[in-house]
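None of the figures in this text is laboratory data; all of them are computed from the coordinates on show. Given the structure is predicted, the values throughout are model-derived calculations rather than measurements. We place every Cβ from the backbone using ideal geometry, glycine too, and count neighbours over all the protein chains shown.
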Amino acid sequence: MLLELKKVTVSFGGLTAVNNLDLQVDEGMIFAIIGPNGAGKTTILNCISRFYTPCSGQISFKGENLLTKKTHKVLASGISRSFQNVELFSKMTVLDNLLVGLHPSLKSSLLSNAFKTKKNKQEEEAAKEIAFEILELFDLKHHANEEVRNLPFGIQKMIDIGRAIISKPKLLLLDEPVAGMNIEETKKNAELITRLRDEFGITILMIEHDMSLVMNISDRIAVMDFGKKIAEGTVTEVQNNPKVIEAYLGEVQEDVGT
Ligand SMILES: Nc1ncnc2c1ncn2[C@@H]1O[C@H](COP(=O)(O)OP(=O)(O)OP(=O)(O)O)[C@@H](O)[C@H]1O
């Protein structure tokens, strides 16, 4: 097992955003967390990426206690994430945004010419090679030197995922990877997520409201409601679970499985 949450609880004042959550994600899975707005999904990702510390419970990654790690050490341990609202440097080029993903602290050393040693330059060249591989994979090479702010939102979201995988993570956390995308972009991103798992061996843990995407590409789904996991299983198991239908999927049943 790659990632394990045991009895994780997160409270904000009087509000319990995540309540006694157990979750296990095996290596090589595309694992989706779904649930209505405010169910606690983003809070879970924020705990795994160590932006938040749970009030109680344990989180382990590759068998190691993740909660003893500081936020800036999480990337080095093999966990990377994308954001619900794309968090890119809009005035920087696509290429430079990818390079920042290698390590946030490389931003200044990579991009300013001052104080560059021969070793720095070699590192930068190696990093650029990886960045171009990703651009090739995403079919975005032609945008490499364009400023991010000039590109459509769908492409910005892909660049955000590119930034997240340049560090070659074992686990990629995706927060609504197709939110705001049109049907064509959604289809492209679904293929991309599957390829990241199949060709790069990256385990995916994603939050997504787009039920057709979730049902099409997930190996396993956990359903959250008011901070609690109310169901978990394969696509078919979740689709047929009366609790899920009642609490969440009922109103969108017609979308499910299409
Ligand atoms: N930093 C915070 N301070 C206070 N309350 C918070 C904080 N972060 C989240 N919450 C609250 O915790 C609950 C769970 O929020 P969370 O963002 O995890 O839900 P979500 O399932 O991701 O929702 P959405 O689908 O709308 O993104 C909500 O009631 C939210 O208002």
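Projected over all directions and averaged, the alpha-carbon convex hull of the chain occupies 14.4 nm². Lys7 label point, 7 Å along Cα→Cβ, cut-off 11 Å on backbone N: hits in region 16-46? Counting only backbone N, you get 20-21. With contributions of -39500 (n - 2.57) from each DSSP H run of at least four residues, the per-residue ellipticity at 222 nm computed over the chain stands at -11000 deg cm²/dmol. Counting charges near Phe31 (Lys, Arg +1; Asp, Glu -1) among other residues having Cβ under 13 Å from its Cβ returns a value of -2.
Placing +1 on each Lys and Arg Cβ and -1 on each Asp and Glu Cβ, with no other charges, gives the chain a dipole about its Cα centre of roughly 1320 debye. Packing around the peptides 64-76, 175-187, taken as the average count of other Cβ atoms within 10 Å per residue, puts them in this order, highest first: 175-187, 64-76. Relative contact order, whole percent, for the chain stands at 26, derived from Cα pairs under 8 Å and 6 or more residues apart. Taking a point 7 Å from the Cα of Cys55 along the Cα-to-Cβ direction, the residues of region 19-40 with backbone N closer than 11 Å to it are 19-20.
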